[in-house]
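Engineer: Have a look at this one before I ask anything.
The values are calculated or read from the model by the stated rules, or taken from the named source; none is laboratory data. Source: prediction; values computed, not measured. Don't worry about glycine lacking a Cβ; one is built from the backbone with ideal geometry, like all the others, and counts go over all protein chains shown. For accessibility, only protein heavy atoms count, side chains too; no ligands or nucleic acids. Shrake-Rupley method; radii C 1.70, N 1.55, O 1.52, S 1.80 Å.
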Amino acid sequence: MTSSDTSSDAPPSKSLRFVIIGAGMAGILSAIRLKEAGLDFVIYEKADKIGGTWRENTYAGIACDVPSHLYSYSFALNPEWSQQFAPGPEIRQYFEDVAERFGVASAIRYNCEITSCKFEVGRWQVAAADGSIDTADFIIAATGVLHHPAIPAFEGLDSFAGLAFHSARWDNDLDLSDRRVGVVGTGSSAIQIVSAIADRVKELTLFQRTAQWVIPVGNQTYSETEREKFRATPQAMLDIRTEVARAFIDGFANVLGDMDSPMIEAIQATCEANLNDNVKDPDLREKLRPNYRAGCKRLVMSERFYDAIQQPNAKLVTEAIDRVEPSGVRTKDGVLHELDVLVMATGFKVDAFMRPMEVVGREGATLREKWEVAPSAYMAISIPDFPNFFMLNGPNGPVGNFSLIDVVELQFAYIMQLVDHVRSNSCKEISVSRAAAERFDEDRKVAAQTTIWSTGCKSWYLDANGVPTAWPWTYDRFQEEMAQPKLADYEIR
Ligand code: NAP
């Protein structure tokens, strides 16, 4: 078949069953699209609620750093967003509402963790932790990216007499007032937490291993009048979405691949001015100044952080952590920082994806072997020898580049074009060929060398060999690739 040979307009004739794994943003989208297509599907969700990252992360100050009118499904714009960057609980509620409104919530099997998917006699055998087995023609792995907390193995952590937990295990019933709170980490989660709690805790100690560039972005509240306008005139939301998307693509997503782009320099200048203008004490300012380029790590957005860390009850600690003791954290200089609560905003095991799930494809090919060195997937979607198995937001996608909802919508439309070939009986099995997957992997590694992520910092964008794993090209190119699968890259049986 040639790249222009697509049967997406062919009349559907085959009844197919889909298993969607995960009821987060991507799983809900998949279910809605499959329902619209009249296909049979079920969603398995390991937890007892939907919402993925927005269910797992409920820490103080959580919000999305993509504007909400952009971080919404294109077909379910939401006039009720309270702010330009809506808080986490509002986003989780949005996904619940959309799942109900589009009639897919009833298809979710909660508390059902899928442990293995095996391709046997042309179909996928899906096993769950509770011992149940299902069978499907297609698997959609919508399992998310950042969901396995990475907790440092600090010596003595278990001996801590106060409360210690990861940022993704926040207890909202915990009253932090009058507590001495330590936060480890300076990623987006830590910065949001610090900004939110600084003025309500007794003492705040931020343990910084690496300083972060912070870009000051305000968060406009939408008034009732504005929300009324959005309700009455959906076009107004669409206009915001289009405008924000274009600005985001031109000013960020399209320039990440060119470390020398003037736009990256402009981002650097904005971050530097933010630091220089807003941190008064020169010692503190220098401690907060990163020694790598803005954008190399994921940019942190905050208008509040520098104010928060300069409050009289807040302290920045840059000495490395030596160990945790019952009464607090001792740093390498011998100082004990006494604490009641220790929050580890220390990120996630970013190379897990759907693992520890076992996936066994054609002729015994396993995910464990395929990803032994590093996870990879052609177009972030397909893995050789895993026919009719597609990932959403898999490895090598534009994970830090743009609104992940937009990414997933494009990916799912692409997947549906592949599905249509099976649906119209032109084939039974479809997966990327080994040659195309290898070529894609080599090309993206070459392209990664000129990205801003390759400019000499440590970050979760890098694999174990220091190679950036995310989509290294422009976002426009991603949209073009997603418009139509190149069938010559697929093994079709
Ligand atoms: P992260 O960006 O991986 O940050 C982890 C932080 O913990 C880093 O500062 C890291 O220091 C520090 N750390 C890790 N191990 C440590 C150790 N042993 N000792 C001392 N410090 C240690 O994690 P995150 O903040 O949870 O954010 C992860 C990603 O989630 C973000 O990049 C973003 O994509 C997403 N996120 C998004 C939003 C949003 O608004 N949309 C909000 C939160 C998170 P080093 O820098 O030295 O490694």
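Engineer: Being within 16 Å of the ligand (Cβ to nearest atom), out of contact with any Leu (no Cβ under 9 Å at 6 or more places or on another chain) and basic (Lys, Arg) is true for just one of 293, 246, 323. Which residue is that?
Structural biologist: 293
Engineer: Can you name every residue in region 144-165 that is assigned to a loop (DSSP other than H, G, I, E, B) and either more than 12 Å from the ligand (Cβ to nearest atom) or modelled with pLDDT under 95 (or both)?
Structural biologist: 144, 145, 146, 147, 148, 156, 160, 161, 162
Engineer: Going through region 447-467 one residue at a time, which ones are more than 16 Å from the ligand (Cβ to nearest atom), surrounded by 15 or more Cβ atoms within 10 Å (Cβ to Cβ) and free of Cβ contacts under 8 Å to residues at least 12 places away in the same chain?
Structural biologist: none
Engineer: Something else: Hey, can you tell me all the residues within region 261-291 that are surrounded by fewer than 17 Cβ atoms within 10 Å (Cβ to Cβ), in contact (Cβ under 8 Å) with a residue 60 or more places away in the chain and within 28 Å of residue 467 (Cβ to Cβ)?
Structural biologist: If the condition is that a residue be surrounded by fewer than 17 Cβ atoms within 10 Å (Cβ to Cβ), in contact (Cβ under 8 Å) with a residue 60 or more places away in the chain and within 28 Å of residue 467 (Cβ to Cβ), then 289, 291 are the ones that fit.
Engineer: Out of all the residues in region 166-217, which are of a type in the set (Phe, Trp, Tyr), over 24 Å from residue 269 (Cβ atoms) and more than 11 Å from the ligand (Cβ to nearest atom)?
Structural biologist: Of everything in region 166-217, just one residue is of a type in the set (Phe, Trp, Tyr), over 24 Å from residue 269 (Cβ atoms) and more than 11 Å from the ligand (Cβ to nearest atom), namely 170.
Engineer: Return the residues of region 382-406 that are β-branched (Val, Ile, Thr), surrounded by fewer than 24 Cβ atoms within 10 Å (Cβ to Cβ) and either assigned to a strand (DSSP E or B) or modelled with pLDDT of 95 or more (or both); say none if nothing qualifies.
Structural biologist: Answer for region 382-406, where residues must be β-branched (Val, Ile, Thr), surrounded by fewer than 24 Cβ atoms within 10 Å (Cβ to Cβ) and either assigned to a strand (DSSP E or B) or modelled with pLDDT of 95 or more (or both): just 405.
Engineer: Right, something else. Can you name the residue in region 468-488 that is open to solvent by less than 20 Å² (accessible area, probe 1.4 Å) and part of a helix (DSSP H, G or I) and, of all such residues, is nearest to residue 426 (Cα to Cα)?
Structural biologist: Among them, the one singled out is 487.
Engineer: Would you confirm whether or not region 120-138 contains a residue that is within 11 Å of the ligand (Cβ to nearest atom), part of a strand (DSSP E or B) and open to solvent by less than 50 Å² (accessible area, probe 1.4 Å)?
Structural biologist: Within region 120-138 (the criterion being within 11 Å of the ligand (Cβ to nearest atom), part of a strand (DSSP E or B) and open to solvent by less than 50 Å² (accessible area, probe 1.4 Å)), the answer is no, since none of the residues qualifies.
Engineer: While we're on this one: State which residue pairs qualify: first residue assigned by TED's automatic domain parsing to the domain that holds residue 396 and modelled with pLDDT of 95 or more and inside region 421-445, second residue surrounded by fewer than 18 Cβ atoms within 10 Å (Cβ to Cβ) and part of a helix (DSSP H, G or I) in any location, beta carbons under 7 Å apart, and separation of 6 or more residues or different chains.
Structural biologist: 432/489; 433/489; 436/489
Engineer: Only one residue in 329, 359, 343 is away from the ligand (no atom under 16 Å from the Cβ) and assigned to a strand (DSSP E or B), so which one is that?
Structural biologist: That would be 359, the only listed residue that is away from the ligand (no atom under 16 Å from the Cβ) and assigned to a strand (DSSP E or B).
Engineer: Then there is this: Condition first: within 24 Å of the chain's Cα centre (by Cα) and away from the ligand (no atom under 14 Å from the Cβ). Now tell me which residues in region 218-236 satisfy that.
Structural biologist: 218, 220
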